[in-house]
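Asks: Sending over a structure as structure tokens; questions will come in a sec.
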Amino acid sequence: MHKTRIAIIGGGCAGISAAIAMAKQGWAVSLFEAGSELGGRARSIAFTNASGSTYLDNGQHILIGAYKSTLRLLNTVGLSEKQAFLRLPFSVRMHGPGHCLLSLNTASYLPAPLTMLLGLLACKGLSFSERLASISMMARMAFNGYRLDHDLPLASFLQDQNQSNKAIQLLWEPISLAALNTPIQVASTKVFLNVLKDTMASTTWFSLKKNNDFLLAKLDLSKLIGDPASVYLRQHGVRIKLKQRIKGISKSDLGFQLSGEEEAAVYSHVVLATAPHNANQLMAGLSELHAERMALASFDYQPIVTLYLQYPTHTKLRLPMIGLTNGAGQWVFDRGQLCQQHGLLAVVISGAGSHQNLSQEQLAEAVTAQLKQAFPELSEPLWHKVITEKRATYACKPDLTRPLQQTALPNFYLAGDYCYADYPATIEGAVRSGLICAELIQASHEVG
Ligand SMILES: Cc1cc2nc3c(=O)[nH]c(=O)nc-3n(C[C@H](O)[C@H](O)[C@H](O)COP(=O)(O)OP(=O)(O)OC[C@H]3O[C@@H](n4cnc5c(N)ncnc54)[C@H](O)[C@@H]3O)c2cc1C
């Protein structure tokens, strides 16, 4: 066993990923989590009403085939992809006027860029010239390696690239909102292109598993991430301290001490793996981290609303995931086809918008009407539940300065979706950031 004693503060995907990687190295790891379970923003909550009890995710999550580190992490804690996910070919199926349909289901033996081009060529709902403009834009981006010299808001970029309002509204905006959770008027084009690059790159001919496939969880989020991770970490000697909110961090010659911890232990290393706004507060006593704090002070945040509507259990949509137009709801997921929660539909509304002016009842009414218009066969919902995450993700704006894992303070690292620079706020970004912290600590040992 090394003398290294590591405190990880925050048990979301980033903290879990760091803890697993560090436990594998044989280091003594303590994981502090303010909540009563691991998982952070990717967790489920128990919900009870007159009809009974169930678990609802705090937000419907979508993963994609390119999320290799997340898939490896789930594998490590004992979940195969088959147990965990329904893998669907990338498709944007918008229900509403225009009925845009971009499906990459065809020609699945071709590498991703070609299936994307073929998909765009066959994209229903757009005119031939609109499809051609989209294909030309994709070809230009691929030719430039999805790189951009100067970042700018995605809406401006798309207009510069001759994308029509309809193509933006029916195609690019839904993809971008799902990926960046930031309205396209203020979303970073550079980060959007990074996501496109990863989804389009490195799939080979004849591969049936594409980076741009959607992975939809077949388990609720706690069973997918937090619960199996807890079991694995305990089995591998990680000390997990739940309901332990750390209030501050101080540094002396001996090492780091945490206020709020039950015992006054000293740690050789700290990995701060909370959401950015919590990280900023916790770094307040460490003057070396001024630059990181300044960067985090400039962040702002975007909400995600998930509206659960329970219909009679025989209710089934045509597909597990369908895009919506003509109203507040953006995507609808059939939880019966995903997690055996029959008749339960989850409607997602990403980013800020006028829906925030509605009460929960008004929003449920408006979305129920939107669904009825799209799927006239639906009856009335039996109950509904609105879950709003006000700070679901940071706003992924152009040229946002994001701190990295390595900080100015030796042996003090940051992990979290916000500090994996290439990606927007995603599970994959969080997982990768945790892995980088473990690599940095390992490398510092090898040097020392
Ligand atoms: C509604 C919603 C939908 C989303 N949809 C998607 C999606 O479709 N695809 C996708 O990839 N991503 C999605 N995301 C984003 C994804 O969930 C996050 O990017 C990821 O979970 C962030 O993980 P993290 O570990 O960086 O942070 P967090 O999950 O926020 O974890 C930080 C942890 O630190 C704990 N903590 C905070 N302060 C303290 C303290 N003082 N002491 C101890 N512990 C503390 C918190 O309780 C929390 O558990 C979504 C997020 C939300 C909210």
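Asks: Going down the table (Lys3/Lys243; Lys82/Lys218; Lys218/Lys316; Lys82/Lys210), which pairs top 19 Å between alpha carbons?
Replies: Over 19 Å Cα-Cα: Lys3/Lys243.
Asks: Which one, His61, Ser164, Leu307, projects farthest toward the positive side of the charge dipole computed for the chain from Cβ point charges (K/R +1, D/E -1)?
Replies: His61
Asks: Determine the principal axes of the Cα atoms in the chain, then give the extent along each, sorted from largest to smallest and rounded to whole angstroms.
Replies: The principal-axis extents, from largest down, are 67, 56, 44 Å.
Asks: Which order do the peptides 59-67, 129-137, 355-363, 14-22 take when ranked by the mean count of other beta-carbon atoms within 10 Å per residue, highest first?
Replies: On the way: 59-67: 21.9, 129-137: 18.0, 355-363: 13.9, 14-22: 29.1.
With the highest mean Cβ count within 10 Å placed first, the list reads 14-22, 59-67, 129-137, 355-363.
Asks: Here is a further query. Per DSSP H run of n ≥ 4, the term is -39500 (n - 2.57); total these for the chain, divide by its residue number, and report the mean residue ellipticity at 222 nm rounded to 500 deg cm²/dmol. Display every interim value, and only then the final one.
Replies: Working: 14 runs with 143 residues, N = 448.
Computed ellipticity for the chain at 222 nm equals -9500 deg cm²/dmol.
Asks: Sticking with this structure for a sec: Which loop trypsin sites (Lys or Arg not before Pro) in the stretch 265-341, with loop taken from DSSP, have no more than 16 other Cβ atoms within 10 angstrom of their Cβ? Working shown, then result.
Replies: On the way: sites: Arg293, Lys316, Arg318, Arg335; in loops: Lys316, Arg318.
Loop-located and lightly packed - Lys316, Arg318.
Asks: Given an 8 Å cut-off on Cα distances and at least 6 residues of separation, report the relative contact order of the chain as a percent. Write down the numbers at each step before the final one.
Replies: Working: 933 pairs, mean separation 103.3, N = 448.
Relative contact order here is 23 percent.
Asks: Listed highest first by mean packing, meaning other Cβ atoms within 10 Å per residue, what order do 324-332, 295-303 come in? Intermediate results must be reported in sequence, preceding the final value.
Replies: Working: 324-332: 20.9, 295-303: 17.3.
For the peptides 324-332, 295-303, the packing ranking is 324-332, 295-303.
Asks: Report the full-extension gain for the segment Ser36 to Tyr55: residue separation times 0.36 nm, less the Cα-Cα distance, to one decimal in nm. Walk me through the numbers on the way to the answer.
Replies: On the way: separation 19, 0.36 × 19 = 6.84 nm, distance 1.54 nm.
Taking 0.36 nm per residue and subtracting the Cα distance, the gain is 5.3 nm.
Asks: Another question about this same structure. Can you tell which of Lys190, Lys251, Lys241 shows the greatest fluctuation in a Gaussian network model of the chain with Cα springs below 10 Å?
Replies: The residue with the greatest mean-square fluctuation here is Lys251.
Asks: Looking at the stretch 252-302, which GluC sites (Glu not before Pro) are in a loop (DSSP not H, G, I, E or B) and have at most 15 other Cβ atoms within 10 Å? Walk me through the numbers before you get to the answer.
Replies: Numbers: sites: Glu261, Glu262, Glu263, Glu288, Glu292; in loops: Glu261, Glu262, Glu263.
The qualifying sites are Glu262, Glu263.
Asks: Further question on the same structure: In the stretch 1-59, which trypsin sites (Lys or Arg not before Pro) are in a loop and have at most 10 other Cβ atoms within 10 Å, using DSSP for the loop call? It would help to have the intermediate numbers written out before the result.
Replies: Numbers: sites: Lys3, Arg5, Lys24, Arg41, Arg43; in loops: Lys3, Arg41, Arg43.
Here the trypsin sites (Lys or Arg not before Pro) that fit, given the DSSP loop and packing criteria, are Lys3.
Asks: Shifting gears a bit: Quick one: putting +1 on the C-beta of Lys and Arg, -1 on the C-beta of Asp and Glu, what dipole do you get for the chain around its Cα centre, in Debye to the nearest 20?
Replies: 720
Coordinate-derived values only; no laboratory data. Values in this document were obtained by computation on a predicted structure and should not be read as measured data. Note that we place each Cβ from the backbone using ideal geometry, even for glycine, and neighbour counts take in every protein chain shown.
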